[in-house]
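**Q** Structure provided below as structure tokens; questions to follow.
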There are 2 protein chains.
Amino acid sequence: MDKNEQEKYWHTSSHILAHAVQRLFPDIKLGTGPAIEKGFYYDFYRKNPFTPEDLKLIEKAMSSIIKENLSVEPVKKNKEEARAILKDEPFKLEILEALEGEQAIFYKQGNFIDLCQGPHLSSTGQVKHFKLLSVAASYWRGDEKRESMQRIYGISFPEKQELEEYLKFIEEAKERDHRTLGTKLDLFSMHPEFGSGLIYWHPKGSIIRKLVEDFWKEIHLKNGYELVYTPHIADIALWDKSGHTGFYKENMFAPMVTEAKTFQLKPMNCPFHILIYNNRLRSYRELPIRWAELGTVYRYEKQGVLHGLLRVRGFTQDDAHIFCTEEQAEEEVIKVLDLVCFFLKKFGFADYRICLSTRPEKFVGTPENWQKATTALENALKGRNMNYEIDPGEGVFYGPKIDIKVKDCLNREWQCSTIQVDFNIPERFDVKYTGNEGDFKTPILIHRAIFGSIERFLGILIEHYKGSFPFWLAPEQLRILPISDRHMPYAEKTAKDIEPHFRVQVDRRNEKINRKIRDAEEEKVPYMLILGDKEEAGGTLSLRKHKTGMVGTFSAEKLIKMLREESGQP
Amino acid sequence: MDKNEQEKYWHTSSHILAHAVQRLFPDIKLGTGPAIEKGFYYDFYRKNPFTPEDLKLIEKAMSSIIKENLSVEPVKKNKEEARAILKDEPFKLEILEALEGEQAIFYKQGNFIDLCQGPHLSSTGQVKHFKLLSVAASYWRGDEKRESMQRIYGISFPEKQELEEYLKFIEEAKERDHRTLGTKLDLFSMHPEFGSGLIYWHPKGSIIRKLVEDFWKEIHLKNGYELVYTPHIADIALWDKSGHTGFYKENMFAPMVTEAKTFQLKPMNCPFHILIYNNRLRSYRELPIRWAELGTVYRYEKQGVLHGLLRVRGFTQDDAHIFCTEEQAEEEVIKVLDLVCFFLKKFGFADYRICLSTRPEKFVGTPENWQKATTALENALKGRNMNYEIDPGEGVFYGPKIDIKVKDCLNREWQCSTIQVDFNIPERFDVKYTGNEGDFKTPILIHRAIFGSIERFLGILIEHYKGSFPFWLAPEQLRILPISDRHMPYAEKTAKDIEPHFRVQVDRRNEKINRKIRDAEEEKVPYMLILGDKEEAGGTLSLRKHKTGMVGTFSAEKLIKMLREESGQP
């Protein structure tokens, strides 16, 4: 099915859903029911929430409606007639009244009629295999102050196999859900009663975060970047100057207003790096300047779109700004692309999709400069033989950009890395350097992020690895499991030997060895050392690998050497 | 002189200053002129600022007043008479009107009379050796909305040698001023037009900050701490619960008020760590829990008290919270004391003063618990044979504390480390653990910081080291100085050899070698490598040490080994 066909298919499925609900619960009020990126939903207003049993009944009724193979037909009405039809549907009436013109289009199947623009399949029988997936609360029109609705999600396909594969995919995605794994593995928490979309990293999650951040810093320093640290707030005057209060206000937290001054939490790091740049005169000899910061920014995302670590209100950008001459731009972009590939590979992402976004209708800077910058980006991609798509007109108002979307092991796409040229900020802040003839020139400013956001990237990693982090990232790399109490001293001694090299814990509980192994497997510890009489007598360690089983018996020295090699430590 | 004598001495000196100014500039209006911690000042209202020449004239006039040896006498007046005396002194009148009662005390010397409580020396001739130090702008009554005054600072001593020593100290302190060195060495900047008291770390300063932070984290992890990361903001509800909106509001930034929610920038990290603790049930087996965070907090300090890195509005606490049982408290405090000593020693602070602050009049918790906690702190100090003073009643309302003030190389004291027991937060947040009989118990909560604030500690370090950071902390550890252009290839090759081990730069400028050496000395680079014909021919490196001169000639391999040893690298 192409995209249009698919939309018709799912939209018709949502009408079948609403039709079925109306048959079973005649008092229900209808909201809206569109096709979505994957599947469909319908919103209903009803006092009691739908139960799993309700969903089963609804599925049955849907099957009947499909079997009846009712024809689905558009019906035109004038507003007067439309009002009469919808007299018991207050939400539909609200939509009707907002419509322009005197005509309203309905779609009708059997005795079900819905205010709807279509298009639809021509009969209900064309929907073959479907499944209702979940119920969730939603607000009418997404507005927290309006009625609370119940949204039923579903999916449908022409082929049974497609449905089965999709249900398997959902099941797998559910098992990988970073929110569930985050709690189970004690990695992080959120405390929405004290602010939604804000992440509290627990010790185990913090180890992973620190390792990723340390690695990021080390690689950046090796690649000619310098680090900077900047504040989280600035006087509103800075955001007026940068244009954020004009162009970006709806994404920002409310200002902190005092009698004397107004401060603003930062939604971006750029203006701060510019202030450091402008702190003294820069010469062409200093360029390229590459400044990187793990800068935590705050953006006021709507409550409804927040989602675990993937969509938050406070996140740490792995940000960098490159100031370079026009001549250096292409090479700098190539270097960034190389860095992106290096990092993505390190975390096991081999596949990605690259988009080059060009000049939109509204833009700052001259068309010539846009052309130059776009060419530089394009040449860089060609220089590295990278396939890319062009998103015409999808650049930001301040410059063209390259977006890199990684594919995880479920083939889901995640927007992470971005490389953007900016014509706006250099102009607004009068960013200059002195050329070799003492003349003042404007540098090219490149914004770039590799992970995009540390929080989001860690969320993706949790799902990608299903919580089983590779050895170098595992919060607990090794767990020592003494078979019984009398092996505790040997276990403690072994822990002491290993501690300087790896993150190791001893399971000191008074539990059977099988229980200890099961728990270590559950907690996804990459390696276990089973220590009993035999090991103690021989001064050896029996190594068990997560999800694999026994590996063999080693001396402590040999084990350390082997694991150091695995983790790429020198 | 004891403290009272000293105050009289400096207070009388300030009257002599005002007297002299009045003689020279009869139109001037008097502000106030107290003795301060070190010396005295007097505030004057005058259109034109005082020039260095003015100060010289004033010093001359002061010498005359001292020579005249005028007797200094208190004079009582009723308000009516006082008003008449002060009719041309609007600032003094303002003070007079605010006085309670019908009496006003003046001090008089010759024809100079000042509204003043005293006490004073009995004659001007008792002031022996003095010096005016500086002029600075100040606001009348410290209020930005009031008149701008000119404050003249001075110092005086009975003995000439004391004055000379003090002037030398000032000179030395000025040379060590971290604000001057921060700019000169390109370490950090501030941008008060976009918010005062907020620090922007430049690449060189960021290297130092990163090294200090990495070291801090490494040592904490080795000492049984775990790291956490928490947000910079929370819903105001959290600060209501913690008591900050009640007890701490004046130190907090203005809230971010939106229709739906009010958010507050964090002035402290504690409540966030508590939320992580309370995220699940904790058992006595898990205690002690030690959670550390480099948490950046924001406090709305008054504009007038801000001072470089030492007093800022945004700073990073090297914070940790220890949750332990009552029985563990003393040992935990000992461990913190050991850690404090370890860190202070690492940065060359050998001398410090320790204060134990006990229960204040207003307090939360029971007297018994206060006694236990104070005893635990005291026993820990005794256990480590540490000398300490008791500050009776100077504990925070929530618990007793130990403060550790380091002495720098100018013998100035800086409050850095603090160890505090908290009875407030565990109660407010119902913090519990299950004891070994399944009963719920309240843990002891210890707040502690070693540096206090990263920004402040780095400010102290800059002054302590006078910008000459030890090898391991120096942003640029080695600079390679080719004697002429033809030695550039050898210089670049050498840089490549050294890069994997140390932070090295090549001076590629077309300058004479002496100029290159002078600049490297100015920029306080610990080591220079001078490379010329001789070195190139022999494949050797001539090493020069900052402020010391030539050390000798080495092979690259030997040099690296030697410097690794110096920096304590394995």
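**Q** Looking at residue A:276 and the list (1) more than 29 Å from residue B:507 (Cβ to Cβ); (2) within 11 Å of chain B (Cβ to nearest Cβ), which single condition is not satisfied?
**A** (1)
**Q** A follow-up question, please. Would you point out which residue out of A:133, A:163, A:181 is farther than 24 Å from residue A:62 by Cβ and more than 11 Å from every other protein chain (Cβ to nearest Cβ)?
**A** A:181
**Q** Since residue B:293 meets every condition but one in (1) in contact with a strand residue (DSSP E or B) (Cβ under 6 Å, 6 or more places away or on another chain); (2) closer than 30 Å to residue B:200 by Cβ; (3) assigned to a helix (DSSP H, G or I), which condition does it not meet?
**A** It fails just one condition, (3).
**Q** Just to be sure before I move on: is residue A:510 in a loop (DSSP other than H, G, I, E, B) and polar (S, T, N, Q) in the structure I sent? First the steps, then the outcome.
**A** On the way: in a loop (DSSP other than H, G, I, E, B): yes; polar (S, T, N, Q): yes.
So residue A:510 passes the test.
**Q** Does the stretch A:437-451 contain any residue that is surrounded by fewer than 23 Cβ atoms within 10 Å (Cβ to Cβ) and farther than 30 Å from residue A:243 by Cβ?
**A** Yes, the stretch A:437-451 contains a residue that is surrounded by fewer than 23 Cβ atoms within 10 Å (Cβ to Cβ) and farther than 30 Å from residue A:243 by Cβ.
**Q** Let me ask something else about it. Give the number of residues within the stretch A:92-115 that are without any contact (Cβ under 8 Å) to a residue 12 or more places away in the chain, within 17 Å of residue A:34 (Cβ to Cβ) and of a type outside the set (A, V, I, L, M, F, W, C).
**A** Total satisfying the criteria: 1.
**Q** Still on this structure, please answer the following. Among the residues of the stretch B:222-242, which ones are more than 7 Å from chain A (Cβ to nearest Cβ) and polar (S, T, N, Q)?
**A** B:223, B:242
**Q** Scan the stretch B:359-393 residue by residue and report those that are of a type in the set (Ser, Thr, Tyr) and surrounded by 18 or more Cβ atoms within 10 Å (Cβ to Cβ). Outline the logic, then answer.
**A** Kept after step one, since they are of a type in the set (Ser, Thr, Tyr), are these residues of the stretch B:359-393: B:366, B:374-375, B:388.
Residue satisfying the conditions is B:374 alone.
**Q** Still on this structure, please answer the following. Go through the stretch B:254-272 and count every residue that is facing chain A (nearest Cβ under 8 Å) and either of a type in the set (A, V, I, L, M, F, W, C) or on the phi > 0 side of the Ramachandran plot (or both).
**A** Qualifying residue count, the stretch B:254-272: 7.
**Q** Hey, can you tell me all the residues within the stretch A:149-184 that are loosely packed, with under 13 Cβ neighbours inside 10 Å and either touching a Ser or Thr at 6+ places or on another chain (Cβ under 9 Å) or aliphatic (A, V, I, L, M) (or both)?
**A** A:174
**Q** Quick one: which of B:334, B:322 is surrounded by 20 or more Cβ atoms within 10 Å (Cβ to Cβ) and either away from chain A (no Cβ under 13 Å) or among the aliphatic types (A, V, I, L, M) (or both)?
**A** Unique residue meeting the criteria: B:322.
**Q** While we're here: Take residue B:340 and decide whether it is among the β-branched types (Val, Ile, Thr) and either over 27 Å from residue B:410 (Cα atoms) or at pLDDT below 90 (or both).
**A** no
**Q** Answer with yes or no whether residue A:187 is buried (at least 22 other Cβ atoms within 10 Å of the Cβ), modelled with pLDDT of 95 or more, within 23 Å of residue B:218 (Cβ to Cβ) and more than 9 Å from every other protein chain (Cβ to nearest Cβ).
**A** When the stated conditions are applied, residue A:187 passes them.
**Q** Is at least one residue of the stretch B:472-486 over 30 Å from residue B:362 (Cα atoms) and under 18 Å from the mean Cα position of the chain (by Cα)?
**A** Within the stretch B:472-486 (the criterion being over 30 Å from residue B:362 (Cα atoms) and under 18 Å from the mean Cα position of the chain (by Cα)), the answer is no, since none of the residues qualifies.
**Q** So residue B:293 clears everything in (1) more than 21 Å from the chain's Cα centre (by Cα); (2) acidic (Asp, Glu); (3) within 12 Å of chain A (Cβ to nearest Cβ) except one condition, right? Which one?
**A** (1)
**Q** Kindly check whether there is at least one residue in the stretch B:360-371 that is touching a Gly at 6+ places or on another chain (Cβ under 6 Å) and either free of Cβ contacts under 8 Å to residues at least 24 places away in the same chain or not hydroxyl-bearing (Ser, Thr, Tyr) (or both).
**A** First pass over the stretch B:360-371, keeping only residues touching a Gly at 6+ places or on another chain (Cβ under 6 Å): B:360.
Add one more test, that the residue is either free of Cβ contacts under 8 Å to residues at least 24 places away in the same chain or not hydroxyl-bearing (Ser, Thr, Tyr) (or both), and what stays is B:360.
Within the stretch B:360-371 (the criterion being touching a Gly at 6+ places or on another chain (Cβ under 6 Å) and either free of Cβ contacts under 8 Å to residues at least 24 places away in the same chain or not hydroxyl-bearing (Ser, Thr, Tyr) (or both)), the answer is yes, since at least one residue qualifies.
**Q** Can we say residue A:348 is over 19 Å from the mean Cα position of the chain (by Cα) and either buried (at least 18 other Cβ atoms within 10 Å of the Cβ) or at pLDDT below 95 (or both)?
**A** In short, no.
**Q** Output yes when any residue across the stretch A:406-415 is within 22 Å of residue A:278 (Cα to Cα) and either modelled with pLDDT under 90 or out of contact with any Gly (no Cβ under 6 Å at 6 or more places or on another chain) (or both), and no when none is.
**A** no
**Q** For the stretch B:208-221, indicate whether the set of residues that are among the hydrophobic types (A, V, I, L, M, F, W, C), farther than 30 Å from residue A:499 by Cβ, surrounded by 16 or more Cβ atoms within 10 Å (Cβ to Cβ) and more than 7 Å from every other protein chain (Cβ to nearest Cβ) is non-empty.
**A** Looking for residues that are among the hydrophobic types (A, V, I, L, M, F, W, C), farther than 30 Å from residue A:499 by Cβ, surrounded by 16 or more Cβ atoms within 10 Å (Cβ to Cβ) and more than 7 Å from every other protein chain (Cβ to nearest Cβ), one finds none in the stretch B:208-221, hence no.
**Q** Of these, B:287, B:310, which one is farther than 25 Å from residue B:375 by Cβ, surrounded by fewer than 21 Cβ atoms within 10 Å (Cβ to Cβ) and more than 11 Å from chain A (Cβ to nearest Cβ)?
**A** Just a single option satisfies the conditions, and that option is B:310.
**Q** Would you mind stating whether residue B:181 is in contact with a helix residue (DSSP H, G or I) (Cβ under 6 Å, 6 or more places away or on another chain) and part of a helix (DSSP H, G or I)?
**A** yes
**Q** Could I ask something else about it? Would you say residue A:520 is assigned to a helix (DSSP H, G or I), among the small types (Gly, Ala, Ser) and either under 41 Å from the mean Cα position of the chain (by Cα) or surrounded by 15 or more Cβ atoms within 10 Å (Cβ to Cβ) (or both)?
**A** Yes.
**Q** May I pose another question? Select from the stretch B:243-253 the residues that are crowded, with 19+ Cβ neighbours inside 10 Å and either free of Cβ contacts under 8 Å to residues at least 12 places away in the same chain or facing chain A (nearest Cβ under 10 Å) (or both) and list them in ascending order.
**A** Passing the criteria: B:252, B:253.
**Q** From the list B:356, B:381, B:410, which one is closer than 27 Å to residue B:457 by Cα and touching a Pro at 6+ places or on another chain (Cβ under 8 Å)?
**A** When all the criteria are applied, what remains is B:356.
**Q** Next question. Looking at the stretch B:258-283 only, could you name the residues that are at pLDDT below 95 and buried (at least 16 other Cβ atoms within 10 Å of the Cβ)?
**A** B:261
**Q** What single numbered condition from (1) of a type in the set (Asp, Glu); (2) over 30 Å from residue A:188 (Cβ atoms); (3) without any contact (Cβ under 8 Å) to a residue 60 or more places away in the chain fails to hold for residue A:403?
**A** Status for residue A:403: all satisfied but (2).
**Q** Between residues in the stretch B:131-144 that are in a strand (DSSP E or B) and residues that are of a type in the set (Lys, Arg), which pairs lie under 6 Å by C-beta distance while being six or more apart or on different chains?
**A** B:136/B:151; B:138/B:151; B:139/B:146
The values are calculated or read from the model by the stated rules, or taken from the named source; none is laboratory data. Just so you know, these numbers come straight off a predicted model, no measurement behind them. Note that each Cβ is placed from the backbone with ideal geometry, even for glycine, and that neighbours are counted across all protein chains shown.
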